[in-house]
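Below is one structure, written out as structure tokens; the observations come after it.
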Amino acid sequence: MKVFVTGASGYIGGSVAVRLVEAGHEVRGLVRGPEKGAAVRRLGIEPVLGSLDDHDLLADEARRADAVVNAASSDHRGAVEALVEALAGSNRPLLHTSGSSIVGDNAGGEPSDAVFDDDAPIQPTPDKAARVAIDRFVTGSAARGVCSTVLCNTLIYGRGLGPHQESIQIPSLVRQARRSGIPRHIGRGLNVWSTVHVADVADLYLLALEKAPAGSFMFVENGEASFRDMVTAIGTALGLGEAKPWPLQDAIAEWGYERATYALGSNSRVRGRRARALGWMPHHASVLDWIAEELPAIAGANETDKA
């Protein structure tokens, strides 16, 4: 297939684009600027220079493609509208990337028993209402002749397959720990997120392009962990000792409101039944094992790069 991927130099989009190339597909990838274009070209991806604000460019690329993967942003309504408009009536696949903070709470590091499956009604906080509306717009485009799927990723870990190799949550915790010498979690750190390895994410995107029914919404997860356990594992892996609690307001000063409140301080526990029904068989089940086994080597390599 000819596949157009937005965010082709990013963590998710780059990983998906590389896996598509490995599977024999022809991939064109949206990137910002010549430097990122050169980076994706080296991986066999044809760069398309532009941004999500380039409505006509997005529409033209979507019309030329056999399938589209939107992995650049979960929150850019205009880009999604351009892609849906271009694909309407074609019955071609559109995969849209969302994130499971849509079910996140404002827990400040406290636990929750709430667990959501693919069919659970979502009542987002006001901060996440716009993202949920975009997800519903994408799944609703099935009625307009778009084979649309929303892939709602949880906490992704592992080294990316494309030019950008870092995710958001664990690297944020690692950088803070290394800079301050103190591994920290927000509040008591008893908040829990579902997790998934980036290689398993990329596998699911390829499977969804081939098999996902139009109008699908699916959570992407394979395991879960509390932030206290993850930060404790980070402290051990980096030789920094015991994890410490951190007030939410101090974390907001470090990471900003959105990241501290939703990415690192909330609960986001989900179960992805639909992904497995497609035949998805993820291979990585423990973020804690990955931190213990892989993080020391990655941290050492990063220090060497800076030397």
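Quick note: the coordinates plus some simple rules give every number you see, no bench work behind them. What you are looking at is a predicted structure, and each value in this text was computed from that prediction instead of being measured. No Cβ is skipped: glycine too gets one built from the backbone with ideal geometry, and neighbour counts run over all protein chains shown.
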Report task. Taking H placed 1.01 Å from N in the peptide plane, check which residues at least 5 places from K244 or on another chain put their amide H under 5 Å from its amide H. Result -> R184, H185
Query raised in the report: For A72, which sequence-distant residues (separation of 5 or more, or a different chain) have an amide H within less than 5 Å of its own amide H, given hydrogens modelled in the peptide plane?
Result: T6, G7
**Report entry** Nonlocal amide H pairs with S98, under 5 Å, H built at 1.01 Å
**Finding:** L151, C152, N153
Query raised in the report: If you take every DSSP beta bridge whose two residues both sit in the chain, what share of them, in percent to the nearest 5, is antiparallel?
Result: 10 percent
Query raised in the report: Among L238, L155, what is the fewest-to-most ranking by other Cβ atoms within 10 Å?
Result: L238, L155
**Report entry** HN-Hα J in Hz across segment 173-182 - Karplus 6.51, -1.76, 1.60, θ = phi - 60°, x for Gly and Pro
**Finding:** 5, 5, 4, 4, 5, 5, 5, 8, x, 10
**Report entry** Fewest-first ranking of C152, C147, using other Cβ atoms within 10 Å as the exposure measure
**Finding:** C147, C152
Query - Sorted by Cβ density within 10 Å, fewest first, the residues W193, W290 - result: W290, W193
**Report entry** Net charge, G235 excluded, C-beta distance under 14 Å - Lys, Arg +1, Asp, Glu -1
**Finding:** +4
